[in-house]
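Below is one structure, written out as structure tokens; the observations come after it.
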Amino acid sequence: MPTEKKSKFIVFEGIDGSGKSTQVKLLASKLLKNNISHVLKKEPGDTIIGDKIRKLLSEDSDMSSLTELFLFSAARKELVDKEIIPALENETLVILDRYIYSTIAYQGYGRNIDLEYIHHLNKMATSDLKPDIVFLLDIHPEISSSRIDSKKLDRIESESIEFYSRVRNGYLEIAEANPNTWMIVDASKQPEQIHTQIWDRIY
């Protein structure tokens, strides 16, 4: 059983259909089996206001790119202040499904919103709180799209392959710029293989 946490704030990123949420659940399950205290959160959501914003983001097909950006930032502010910071102050390991990098990749690279503007909003929403490690579940958009149930697509999941290619490229650029804290994982592998790779990086 692991005795020491190498990371206290762990973030998972990747395009929709990359298997990111599956890996989050596998990690949380193993932590539970090893009696390691942790909290599991997702963006946007996991606060009263955040859950309402998540619903708006999923359903409003006429939303502008800037409105989308502001809503994600508002939900993030609530989550960081009310859930993430208190957990970290209590020395509890935090696993987060998406964080500021999703906004950079999706709204910045995907929607072509000015990156400096996004960085400024992210800093305000998080008080510049950075994770210890980020796992990027990397996969080609054509493969990821085949994994998603087309009958249950939300507004963002319905975007084109071209959109997701821009988002993926954005993620890869961020990862290349942060080699000490980012780990790129081949998301085309079997889930258990990926989980082992992630676990070995944390402990």
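The values are calculated or read from the model by the stated rules, or taken from the named source; none is laboratory data. Because the structure is predicted, anything quoted here is derived from the model rather than measured. Reconstructed Cβ throughout: ideal geometry from the backbone, glycine too, with neighbour counts over all protein chains shown.
For segment 1-17, a residue qualifies if it is at pLDDT 95 or above and more than 11 Å from the chain's Cα centre (by Cα), and exactly one does: Phe9. Answer with yes or no whether Leu27 is assigned to a strand (DSSP E or B) and either of a type in the set (Val, Ile, Thr) or closer than 30 Å to Ser165 by Cα (or both). Criteria not met by Leu27.
In segment 100-119, the residues that are surrounded by 15 or more Cβ atoms within 10 Å (Cβ to Cβ) reach residues that are basic (Lys, Arg) and part of a helix (DSSP H, G or I) with C-beta atoms within less than 6 angstrom, at least six apart or across chains, in these pairs: Tyr109/Arg166; Gly110/Arg166.
Here's the yes/no breakdown for (1) more than 22 Å from Ile161 (Cβ to Cβ); (2) part of a helix (DSSP H, G or I):
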site	(1), (2)
Gln23	yes, yes
Pro44	yes, no
Arg54	yes, yes
Leu71	yes, yes
Arg76	yes, yes
Val94	yes, no
Ser102	no, yes
Leu121	yes, yes
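Of everything in segment 56-69 that is in contact (Cβ under 8 Å) with a residue 60 or more places away in the chain and part of a loop (DSSP other than H, G, I, E, B), the residue that is surrounded by the fewest Cβ atoms within 10 Å (Cβ to Cβ) is Ser61. Going by the conditions given, is Ile113 at pLDDT 95 or above, under 27 Å from Leu88 (Cβ atoms) and not acidic (Asp, Glu)? The answer is no for Ile113.
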